[in-house]
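Structure first, then comments.
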Amino acid sequence: MSKIIKNNISYGMKKLIVGNWKMAPDTLKQAEATFLAIKKKASNLRNVQTVICPPIVYVETLAWHVSGHRCVVGAQNVFYEKGGAFTGEISVKQLASVKASYAIIGHSEHRAMGETDEEISKKVIVALKEKMKVILCVGESKRDDHGEYTRFIAEQIKSALAQVKKPQLVNLVIAYEPIWAIGKDADHPATPADALEVSILIRKVIADMFSKKDAFSIPVLYGGSADDKNAKGFLSEGEADGLLVGRASLNPKKFNAILETANNI
Ligand code: PGA
């Protein structure tokens, strides 16, 4: 795959590195300190788009610290209704009003809490309609020898994007996150070859649903125990357009090393 056709027009040759802070850190003070340490580095990197997705309570404050567009803030989830009696939920407009420009949708930890394919599809539609950038997470819980996992991932994508219109794809990012490789209890790490195999599958599904051109313009990220040691492999050999980083994104030293690596690829 040549670099020229592979990379998204809006990202140019940039790598997209997303930090998913999950339910950490415990205090706003720590969140600000971590964000500022990352922003300092990220602001100097021409070839990387950095996105930090903190717990929702920190989004607004961190967004105030954003200057320029190299390091921005996103949310870990969003709701599909525009407003009304939905206790605990947050709308796309509310996120946009506090300058969150990305939303992770369909993370496996959220799916495990009961989020359905139908809900994910509604969230994707509403977010893309409002021109929010969507990071759609897909990935299997285990691999098998018969390729069942590839059908599972293809179905996740088809279901999430069934009602998406072609022009809306400019704001779509897909993150491949094999569940078996996520978190400190991960079975074993994924290899760049695992990531590449599924990114080719993802592009094939997009080509069948939309077009070849769309398939090559949507950034496909890898996530699951990505860190400063393996980032280079996933970004070069694995041909990932970027990374979705959990634990290592809370450690500015490690995360900044990932940013530096991505910048130099
Ligand atoms: P991890 O999490 O990097 O801690 O494995 C990744 C994710 O769940 O997005």
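The values are calculated or read from the model by the stated rules, or taken from the named source; none is laboratory data. From a predicted model like this one, the values you see are computed outputs, not experimental measurements. Because the Cβ atoms are built from the backbone with ideal geometry, glycine has one as well, and the counts that use them run over all protein chains shown.
With respect to being touching a Cys at 6+ places or on another chain (Cβ under 8 Å) and either in a helix (DSSP H, G or I) or of a type outside the set (G, A, S) (or both), L244 fits the description.
Within the set E109, E89, E81, E60, the sole residue that is farther than 17 Å from C137 by Cβ and either in a helix (DSSP H, G or I) or among the hydrophobic types (A, V, I, L, M, F, W, C) (or both) turns out to be E60.
Taking the listed residues Q76, Q94, the one that is out of contact with any Asp or Glu (no Cβ under 8 Å at 6 or more places or on another chain), closer than 19 Å to C137 by Cβ, modelled with pLDDT of 95 or more and not hydrophobic (A, V, I, L, M, F, W, C) is Q76, with no other qualifying. R143 meets all of the listed conditions (1) of a type in the set (K, R); (2) modelled with pLDDT under 95; (3) crowded, with 17+ Cβ neighbours inside 10 Å but one, namely (3).
The listed residues are T34, T50, and the only one of them that is among the hydroxyl-bearing types (S, T, Y) and part of a helix (DSSP H, G or I) turns out to be T34.
Of the residues contained in segment 202-215, none is found to be closer than 22 Å to A75 by Cβ and at pLDDT 95 or above.
In segment 215-234, the residue that is surrounded by the fewest Cβ atoms within 10 Å (Cβ to Cβ) out of those that are more than 15 Å from the ligand (Cβ to nearest atom) and touching a residue at least 40 places away in the same chain (Cβ under 8 Å) is F216. Scanning segment 99-124 for residues that are out of contact with any strand residue (DSSP E or B) (no Cβ under 6 Å at 6 or more places or on another chain) and either more than 16 Å from the ligand (Cβ to nearest atom) or of a type in the set (S, T, Y) (or both) gives K99, S108, G114, T116, D117, E118, E119, S121, K122.
Among the residues of segment 235-250, how many are within 21 Å of A75 (Cβ to Cβ), touching a residue at least 60 places away in the same chain (Cβ under 8 Å) and within 15 Å of the ligand (Cβ to nearest atom)? Count: 8.
If the condition is being on the phi < 0 side of the Ramachandran plot, surrounded by fewer than 19 Cβ atoms within 10 Å (Cβ to Cβ) and either touching a helix residue (DSSP H, G or I) at 6+ places or on another chain (Cβ under 9 Å) or not in a helix (DSSP H, G or I) (or both), then segment 112-127 contributes A112, M113, E115, T116, D117, E118.
The residue that is nearest to P25 (Cα to Cα), among those in segment 42-72 that are crowded, with 16+ Cβ neighbours inside 10 Å and among the small types (G, A, S), is A63.
Just one residue in the set V205, V134 is buried (at least 17 other Cβ atoms within 10 Å of the Cβ), farther than 30 Å from Y58 by Cα and either within 16 Å of the ligand (Cβ to nearest atom) or in contact (Cβ under 8 Å) with a residue 24 or more places away in the chain (or both); that residue is V205.
Scanning segment 155-185 for residues that are more than 14 Å from the chain's Cα centre (by Cα) and within 10 Å of the ligand (Cβ to nearest atom) yields I179, A181, G183, K184, D185.
The set of residues in segment 158-167 that are surrounded by fewer than 18 Cβ atoms within 10 Å (Cβ to Cβ) and within 16 Å of A215 (Cα to Cα) comprises K158, A162, K165, K166, P167. Reported count of residues in segment 186-197, each being more than 15 Å from the ligand (Cβ to nearest atom) and crowded, with 18+ Cβ neighbours inside 10 Å, is 2.
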